[in-house]
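The values are calculated or read from the model by the stated rules, or taken from the named source; none is laboratory data. Just so it is clear, the structure is predicted and the values come from calculations on it, not from any experiment. Counting neighbours? That spans all protein chains shown, and the Cβs are built from the backbone with ideal geometry, glycine included.
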Amino acid sequence: MDGHKPKFVTLREYPQVGPYRVRILEDGVTRSRCLDIREHVHPQGLSRYGIRIKFRSDLEFLRDVLGAVLRDPLF
């Protein structure tokens, strides 16, 4: 661990999904990118509740899982 505290920059923000903000972030030091899905609570702003996905393969897998959920007659 190099000890730096990441300073993320928003590269792109997508339409809000319910109470969640969806953004692509970049670490200003390492230049690594991630998808950030975070709850937005008024008036506090973004909360600590959310997820960050760093790997494209994980994002593609999440897409497949969400597709399966939407096709499931129990949903």
Filter result for the condition that a residue is surrounded by 11 or more Cβ atoms within 10 Å (Cβ to Cβ) and out of contact with any strand residue (DSSP E or B) (no Cβ under 7 Å at 6 or more places or on another chain), over Phe61, Phe8: Phe61
Restricting region 37-58 to residues that are farther than 18 Å from Ile24 by Cβ and of a type in the set (S, T, N, Q), which is surrounded by the most Cβ atoms within 10 Å (Cβ to Cβ)? Ser47
Pick from Gly28, Gly50, Gly45: which is in contact with a Phe, Trp or Tyr (Cβ under 9 Å, 6 or more places away or on another chain), farther than 16 Å from Arg12 by Cα and of a type in the set (Gly, Ala, Ser)? Gly50
Having 3 or more residues that are modelled with pLDDT of 95 or more and not polar (S, T, N, Q) is the bar; report the strands (runs of 3 or more DSSP E) wholly within the chain that clear it. 8-17, 20-27, 33-41
